[in-house]
1. May I ask for the angle, rounded to the nearest 10°, between helix 40-50 and the longest principal axis of the chain, with both axes built from Cα atoms and the value confined to 0 to 90°?
2. HN-Hα J couplings of segment 214-231 from phi, Karplus 6.51/-1.76/1.60, θ = phi - 60°, integer Hz, Gly and Pro as x?
3. Give me the tail of P(r) for segment 73-165 as a percent: Cα-Cα pairs with distance above 21 Å.
4. State which entries of 161/265; 126/161; 45/169; 5/217; 40/178 exceed 28 angstrom in Cα-Cα distance in the structure shown.
5. Taking K and R as +1 and D and E as -1, what net charge do the other residues with C-beta under 12 Å from the C-beta of residue 5 add up to?
6. What residue among 156, 134, 232 has its Cα farthest toward the positive end of the dipole of the chain, where the charges are +1 on Lys, Arg and -1 on Asp, Glu, each on the Cβ?
7. Using all C-alpha to C-alpha distances in the chain, build P(r) with 10 Å bins and read off the rounded percent in each one.
8. Taking a probe of 1.4 Å, how large is the accessible area per residue of the chain, in Å²?
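The values are calculated or read from the model by the stated rules, or taken from the named source; none is laboratory data. Because the structure is predicted, anything quoted here is derived from the model rather than measured. Backbone-built Cβ (ideal geometry, glycine too); neighbour counts: all protein chains shown. When the accessible area is computed, the model is the full protein with side chains, heavy atoms only, and any ligands, DNA or RNA have been set aside. Shrake-Rupley method; radii C 1.70, N 1.55, O 1.52, S 1.80 Å.
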Amino acid sequence: MDRVKGKVALITGAAQGIGKAIAELLIQEGATVIITDILKNEGEKVAKDLGSLACFYPLDVCREEEWQAVLQFIKSRFGQLNILVNNAGIMGSSPHQAPQDPENCSLENWHHVHAVNLDGTFLGCKYGIALMKNAGGSIINISSRSGVVGIPSAVAYASSKAAIRNHTKSVALYCAEKGYNIRCNAILPAAILTSIWNDVLGEQEEERQQSIIALSKGIPLKKMGNPIDVAYAALYLASDESCYVTGTDLMIDGGILAGSPASPKPQ
Ligand code: NAD
């Protein structure tokens, strides 16, 4: 209990999915949470349901002036920011769009995915550092297993997630060099059951369940994860329990990145 009591946290893309689960857990552990998203109605509802420790502020992470506005709001209302979770992200591929493979991904889509995933994280770190550097804090960037391995059907997504992973390390080292007492770490989830999977899993419930079963067979732990599995990792990185941890990658992936099914096996 109270693992982040009294800390002020900003979470991007927190109207649903992983961001929402992180908001719920941080509040349960005593933090004040600014829930941000482009989904205004959903974000406001999440904040209302979470009670007095939560509030909603609209934020499109691609827009620099919106970052400046939300950080100004936090400064005047709370006077500090201790935890920043750069969680907002898009896959940018769906059956309704052109394929996102290396041959067919449009330059427009490539730029859009990088704008949300990578520029959004860059801006969050830039403005987060400015507000955090007096009191110190923890920045958590949500990368992906797709930042480690290639994803031929979602190349912009994979590229953006790899860049987030690397930028996390630059931010971690920069803040350490400056003596800012700001840690910066990346979480690399994989196969977490949220709406980001809707296009992949299909719309009909039976089709969806079959897709989940098929996908789970390829995961060492033989199941998809839940948003709360990622939230527990974020809680650890947000709390002072991880005070000696910076620049790291924390995989929450059911073992996917641990190795290849093609590894040698006894006869
Ligand atoms: P999700 O689609 O449920 O949530 C993403 C949220 O980001 C949504 O609330 C959406 O409105 C918001 N968002 C989109 N564009 C935005 C913008 N421009 N500005 C602000 N908010 C914006 O998906 P999720 O699975 O909860 O994804 C959360 C993060 O986790 C993403 O960065 C995603 O890439 C990453 N991730 C998810 C998985 C997984 O298996 N679910 C795996 C690896 C990484």
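1. Rounded to the nearest ten degrees, it is 70.
2. Karplus-based 3J(HN,Hα) across segment 214-231 equals 5, 5, 5, 4, x, 9, x, 7, 6, 7, 7, x, 10, x, 5, 4, 6, 4 Hz.
3. Distances greater than 21 Å cover 39 percent of the Cα pairs.
4. 161/265; 45/169; 5/217; 40/178
5. -1
6. Selected residue: 134.
7. Taking every Cα pair in the chain, the percentages come to 7, 30, 37, 20, 6, 1, 0.
8. 50
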